[in-house]
1. Using alpha-carbon pairs under 8 Å, 6+ residues apart, how would you state the relative contact order of chain B in percent?
2. Using unit Cβ charges (K, R positive; D, E negative) and no other charged atoms, how large, in debye to the nearest 20, is the dipole of region A:37-161 about its Cα centre?
3. Every cysteine in chain A with no other Cys Cβ under 4.7 Å from its Cβ, please list them in numeric order.
4. List the pair-distance distribution P(r) of region A:143-245, using every Cα-Cα distance, as the percent of pairs falling in each 5 Å bin from 0 up to the bin containing the longest distance, rounded to whole percents.
5. Build a GNM of chain B with springs between Cα atoms under 10 Å: which of B:Ala79, B:Ala16, B:Ala27 gets the top mean-square fluctuation?
6. How large is the charge dipole for region B:1-56, taken about the Cα centre, if only the Cβ atoms of Lys, Arg (+1) and Asp, Glu (-1) carry charge, to the nearest 20 debye?
7. Can you list residues from other chains, or at least 5 along the same chain, whose modelled amide H is less than 5 Å from the amide H of A:Thr123?
8. Quick check on the exposure proxy: order A:Asp210, A:Asp159 from fewest to most C-beta atoms within 10 angstrom.
Amino acid sequence: MTRREFLEFLALSGFGLVLAGKSTASAVGRGPAKKWAMVVDLDRCAKDDGCVDCIAACHRVHNVPNISDPRHQVKWIWTTPFGRLFPEQGRYGERQIREQKVLTLCNHCENPPCVAVCPTKATFRRDDGIVMMDYHRCIGCRYCMAACPYGARSFNWVDPRPYIQTIDKGYPTRTRGVVEKCNFCEERLAKGLAPACVESCREKALAFGDLNDPDSAVSRSLRSHFALQRKAELGTAPKVFYLPA
Amino acid sequence: MYDKPLIFFIIIVVLAIVVSPFIYWRATPGASLPPKLELPPGGEKRCVEPVEFMRKHHVDLLDQWRQSVVREGRVKYAASDGREYTMSLTNTCIGCHSNKAKFCDRCHDYVPVKPRCWDCHTFPDKGDTAK
């Protein structure tokens, strides 16, 4: 065997070992991973009567502070006019279409830019598709806020505790100096519950489920409806879908 | 040596300064006793792990739990005695040890280790001002 042949043999074996390692690792014990997604039905959510059931539920369950100063506001889920959310769409629609309030939250992208830039990996993408926050590791650099194309993240400029009306003891608060955002209610999903916003919506405008399950509400919804994603051209592959009215 | 009286005087003063904390410690009643912790009001006698293990390793345990729950999504903990617990400071630990002043603070006020857990993690009774 020549030296060249020996080196080629080593390279191929190494490659083979890596492949073998990868396949055994993923085959052990676990079923197919979930891919959590949400579908917002804009037709059902169109009642402009000031309903904020989903926002109130989310912020109550997660101890999100209610800060009136717009510079220091913290929000996990909120409403944005349609014209601002989808700036390239609806140009020829009537003003009331462009002004209709649309629910906005973290999109839990498949390819999240916030995770790519986080220097400590305090934000990371879980196997089930949820983009998680580890508040213990966050250093508050706000690079993720700069990277997020959707403005979904909030920074705690001030100590949030005085601004929380009633602290829910089943969930921690955050401290000054960390970035927070919607977490798809991962602590509720772990107990088999639906996210707080989905459960609290009186019009049943929010659907949540596993995209990998063809029978889930979101899969069926997306198969049969035309759906919008925010800034789809960026390649982030967001997992919050909007069904136009 | 030169200046013998001055040197001896300074040596005695320095020794007095060095020994003074120990004299104060002896003179103060109760200062040498270790902190006394109050057990949970619910009457639960057994913690997740034995007392000696928890005294030495509760921080390592919490670190392990944090890593597992937050970063790996695994919440089931198999204790050394075979029982299974849900890994959660908020629900499992604070569920029993619900009074910070009578439990956590007893040691942590005495010892110069001030954990920052309570900046975020709340307690049922005094969660709002836990600092």
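1. 22 percent
2. Once rounded to the nearest 20, the dipole reads 380 debye.
3. Result for chain A is A:Cys45, A:Cys51, A:Cys58, A:Cys109, A:Cys118, A:Cys138, A:Cys141, A:Cys148, A:Cys185, A:Cys201, no neighbouring Cys Cβ within the cutoff.
4. 2, 9, 14, 19, 19, 17, 11, 6, 2, 0
5. B:Ala16
6. With only Lys, Arg, Asp and Glu charged at Cβ, the dipole is about 100 debye.
7. A:Asp134
8. A:Asp159, A:Asp210
Quick note: the coordinates plus some simple rules give every number you see, no bench work behind them. Keep in mind the model is a prediction, meaning the values are calculated, not measured. Cβ: placed from backbone, ideal geometry, glycine included. Neighbour counts: every protein chain shown.
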